[in-house]
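What follows is a short report on a single structure.
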Amino acid sequence: MTRMTHLLERNEQFARTYTPAALGLPTAQVVVVACLDHRVDPAIVLGLQLGDAPVIRNVGGRVTQAVIDDVAFLAFLVEQLSGAQGPADTLFEVAVVHHTQCGAGFLADPSFRQQAAAATGLPEAALEASAVADPRTTVKADVERLLSAPLLSPKVSVSGHVYDIATGRLTTTLDARYPQWNRPQARRG
Ligand SMILES: [Zn+2]
């Protein structure tokens, strides 16, 4: 027995009308970074269809080194896939999405964090880095972190957004920007 039984039935329904998509560029030209919270699934909130956009999810939707690594790999992959269409000036925009009522907000409380560290064995500093108390503040910090990451391709832009659990509305808090240190025009001449 597995608790997947009901979900497997849903998958059976899904597979009946499914049409496979070829490996290609994400049609929305966006990569979403979001919280793993089951109330903020980007596919549903943003109406993503298969093939639209890669989505990277973790606790809080924080820009960790693992996220930076994934974005760097995706940039390489997209550049390879778009090779046949000539070199592109831009590859995709990374949309960092944090949300209100985030469970990672508990991690802002030192005693909760201590308990979590003791129970899981995770370092307290790592848990503190996952905290999302004020999504506007953490989105800004994470957009800056990604924009200043040496691994980030100069052809990748980054934007910041806050999703409100109460209204279902996504608000852009930071417009898309390219890394200051290496704009495509400057680098390519
Ligand atoms: Zn969350």
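General remarks:
- Hz values of 3J(HN,Hα) by residue in region 9-15 - Karplus curve (6.51, -1.76, 1.60), Gly and Pro given as x: 5, 5, 5, 4, 4, 4, 5
- Dipole magnitude of region 1-97, debye to nearest 20 (Cβ charges: Lys/Arg +1, Asp/Glu -1, about Cα centre): 360
- Ordering VAL94, PRO179, VAL78 by Cα displacement along the dipole of region 46-189 toward the positive end leaves PRO179 in first place; charges were set at the Cβ atoms of Lys, Arg (+1) and Asp, Glu (-1).
- Solvent-accessible surface of region 35-189, taken per residue with a 1.4 Å probe and all protein chains present: 54 Å².
- Phi-based couplings in Hz for region 166-178 (Karplus 6.51, -1.76, 1.60; Gly and Pro marked x): 5, 10, x, 9, 9, 10, 6, 9, 9, 5, 4, 9, 8
- Top of THR17, THR173, THR27 by mean-square fluctuation, Gaussian network on the chain, Cα under 10 Å: THR17
- Residue-averaged [θ]222 nm for the chain, counting only DSSP H segments that reach four residues, each worth -39500 (n - 2.57): -10500 deg cm²/dmol
- Rel. contact order, % - alpha carbon contacts under 8 angstrom, at least six apart, region 1-153: 24
- Fluctuation leader among ALA53, ALA126, ALA141 - the chain, Gaussian network, Cα springs under 10 angstrom: ALA126
- Prolate/oblate/rounded label for region 72-123 (Cα gyration tensor, a/c 1.5): prolate
- For the options TYR18, TYR163, TYR178, a Gaussian network treatment of the chain with springs between C-alpha atoms closer than 10 Å singles out TYR18 as fluctuating the most.
- Beta bridges per DSSP with both ends in region 63-176, % antiparallel, nearest 5: 40
- Using the Cα coordinates of the chain, the gyration tensor eigenvalues translate into equivalent-ellipsoid semi-axes of 29, 25, 15 Å, sorted from longest to shortest.
- Of all accessible heavy-atom area on region 136-185, the percent that carbon and sulfur account for (1.4 Å): 52
- Overall, the accessible surface of region 1-129 at a probe of 1.4 angstrom is composed of carbon and sulfur to the extent of 59 percent.
- HIS99 long-range amide H proximity, modeled H, under 5 Å: TYR163
The values are calculated or read from the model by the stated rules, or taken from the named source; none is laboratory data. Because the structure is a prediction, the values reported are computed rather than measured. Here Cβ is always computed from backbone atoms with ideal geometry, including for glycine, and neighbour counts include all displayed protein chains. Quick note on the areas: whole protein, heavy atoms, side chains included, nothing else; ligands and nucleic acids left out. Shrake-Rupley method; radii C 1.70, N 1.55, O 1.52, S 1.80 Å.
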